[in-house]
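The values are calculated or read from the model by the stated rules, or taken from the named source; none is laboratory data. Bear in mind the structure is a predicted one, so any value in this text is a computation, not a measurement. Note that each Cβ is placed from the backbone with ideal geometry, even for glycine, and that neighbours are counted across all protein chains shown.
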Amino acid sequence: MTNSRILALDLGEKRIGIAISDPDKIIATPYGVIKHASRKIDAAMVLQIAEENSVNTIVIGQALGENGEETRQSRHAQRFMETLNEESNITIALWDESNSTKTAQMTRVVMGVNQKSRRGHLDDLAATIILQSYLEAHRELEN
């Protein structure tokens, strides 16, 4: 087991949700949200968080269409991945994030969070769902 972690991003138009794995890459935890400024500034902030937390892989949620086709959001994820690749040698992976926000909303309902408290952004929770899905899929591949 290494001490490196995996970081996941849920890219929104206004905010970027961030989640991080434990060092054993078993559990995803919400890390926080950064406000969108520009692709270069956002990438620099993400890379700083990655460096501070010994991250060796960044997973970017990519919203694909119903039949796996590209969407405006998936192209946005690809461009952000390219910017990160230009600025760093960290491994970057795109991961299908379809329905992560809906899952985040349902998670809050199941947790018993009242309707008023459920308002607001779900970006870090959506990033956590993306990362947990990635971790579980890769754990299955290793077994």
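Go through the residues of the stretch 16-38 one by one and say whether even a single one is part of a helix (DSSP H, G or I) and in contact with a helix residue (DSSP H, G or I) (Cβ under 6 Å, 6 or more places away or on another chain). No. Which of the residues spanning the stretch 1-15 are part of a loop (DSSP other than H, G, I, E, B) and among the aliphatic types (A, V, I, L, M)? Of everything in the stretch 1-15, just one residue is part of a loop (DSSP other than H, G, I, E, B) and among the aliphatic types (A, V, I, L, M), namely Met1.
Evaluating Ser21 against the criteria (1) surrounded by fewer than 22 Cβ atoms within 10 Å (Cβ to Cβ); (2) under 13 Å from the mean Cα position of the chain (by Cα); (3) hydroxyl-bearing (Ser, Thr, Tyr) leaves one unmet condition, (1). Ala8: of a type in the set (Gly, Ala, Ser) and farther than 20 Å from Ala93 by Cβ, yes or no? Spelling it out, it is not the case that Ala8 is of a type in the set (Gly, Ala, Ser) and farther than 20 Å from Ala93 by Cβ. One residue alone among Asn56, Asn89, Asn67 is in a strand (DSSP E or B), over 15 Å from Ala127 (Cβ atoms) and either modelled with pLDDT of 95 or more or not small (Gly, Ala, Ser) (or both), and that residue is Asn56.
Within the stretch 92-125, being among the acidic types (Asp, Glu) and either modelled with pLDDT under 60 or part of a loop (DSSP other than H, G, I, E, B) (or both) holds for one residue alone: Glu97.
Just to be sure, is Thr71 farther than 30 Å from Asn3 by Cβ and without any contact (Cβ under 8 Å) to a residue 60 or more places away in the chain? Taking the combined requirement at face value, the residue satisfies it.
Pairs are defined by a Cβ separation below 7 Å, a sequence spacing of at least 6 or placement on different chains, a first member in the stretch 119-139 that is closer than 13 Å to Val59 by Cα, and a second member that is at pLDDT below 85 and of a type in the set (A, V, I, L, M); the pairs so defined are Ala126/Ala104; Ile129/Ala104.
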